[in-house]
1. Across segment 48-64, what is the total count of residues that are closer than 21 Å to ILE19 by Cα and either without any contact (Cβ under 8 Å) to a residue 40 or more places away in the chain or not in a loop (DSSP other than H, G, I, E, B) (or both)?
2. Answer with yes or no whether ASP2 is on the phi < 0 side of the Ramachandran plot, buried (at least 20 other Cβ atoms within 10 Å of the Cβ) and assigned to a loop (DSSP other than H, G, I, E, B).
3. Which one of GLY68, GLY107 is in contact (Cβ under 8 Å) with a residue 12 or more places away in the chain, within 17 Å of LYS22 (Cβ to Cβ) and of a type in the set (Gly, Ala, Ser)?
4. Are any residues in segment 1-47 touching a residue at least 40 places away in the same chain (Cβ under 8 Å) and of a type in the set (Val, Ile, Thr), and if so, which ones?
5. What tally of residues in segment 88-105 results from selecting those that are under 18 Å from LEU35 (Cα atoms) and among the acidic types (Asp, Glu)?
6. Which of the residues belonging to segment 23-42 are surrounded by fewer than 20 Cβ atoms within 10 Å (Cβ to Cβ) and part of a loop (DSSP other than H, G, I, E, B)?
Amino acid sequence: MDVDGVLTDGKIVLDANGIESKAFYVQDGTAITYLHRAGIKTAIISGRASKVVELRAKELCIEDVYLGIHKKLDAYEQIINKHKIEDSEICYIGDDLIDLPILRKVGFSVAVPKAPPEVKESVSYITEAQGGYGAVREVTEKILKSQGKWNTIISRYY
């Protein structure tokens, strides 16, 4: 997945000292945990390098984190080769033109509503939720339900 505009609302906040902050939606983070519980790996490929994203990825136990990547397809290829998975087995969620090369390859391509028309026209699914406000959670539930794994996730809360 991408980060800015997907896991966040796309805003970058810099204070007077140049310290960056981002807001992450807690249910998106919980959804990533659900994917891991279901045996599904997650990865981040972002065009921006960000200490904040490094910290959030570590907190969520995301092992494949590629930051400051301008040719995202290169990082994507490294991930699929490392884990020996096929394009058809991948879901990728992005929000901008830089994501198009990956979105055109994966089995389940997803964009958020604020993505430009060229991105939205190229994907399998457009989330109802905005990036940074549950888009990742929405896609996670869709995936887990389609694979028959959702009931296992929710059963631990009954």
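1. If we filter segment 48-64 for residues that are closer than 21 Å to ILE19 by Cα, which is where we start, we get 48-59.
Still in the list and also either without any contact (Cβ under 8 Å) to a residue 40 or more places away in the chain or not in a loop (DSSP other than H, G, I, E, B) (or both): 49, 51-59.
The total comes to 10.
2. yes
3. So the residue among GLY68, GLY107 that is in contact (Cβ under 8 Å) with a residue 12 or more places away in the chain, within 17 Å of LYS22 (Cβ to Cβ) and of a type in the set (Gly, Ala, Ser) is GLY68.
4. Answer for segment 1-47, where residues must be touching a residue at least 40 places away in the same chain (Cβ under 8 Å) and of a type in the set (Val, Ile, Thr): VAL3, VAL6, THR8, THR30, ILE32, ILE40, THR42, ILE44, ILE45.
5. So the count comes out to 1.
6. ALA23, PHE24, ALA38, GLY39, ILE40, LYS41
Yes/no matrix, rows are residues, columns are (1) over 23 Å from ASP9 (Cα atoms); (2) among the charged types (D, E, K, R):
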position: LYS51; (1), (2): no, yes
position: CYS61; (1), (2): no, no
position: VAL65; (1), (2): no, no
position: ILE80; (1), (2): yes, no
position: HIS83; (1), (2): yes, no
position: GLY94; (1), (2): no, no
position: ILE98; (1), (2): no, no
position: ILE102; (1), (2): no, no
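Quick grid of which residues meet (1) at positive phi; (2) modelled with pLDDT of 95 or more; (3) not hydrophobic (A, V, I, L, M, F, W, C):
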| residue | (1), (2), (3) |
| --- | --- |
| VAL106 | no, yes, no |
| TYR125 | no, yes, yes |
| GLN130 | no, yes, yes |
| VAL136 | no, yes, no |
| THR140 | no, yes, yes |
| LEU144 | no, yes, no |
| TYR158 | no, no, yes |
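The values are calculated or read from the model by the stated rules, or taken from the named source; none is laboratory data. Quick caveat: nothing in here was measured; it's all calculated off a predicted structure. With ideal geometry, Cβ positions are generated from the backbone for all residues, glycine too; neighbour counts draw on all protein chains shown.
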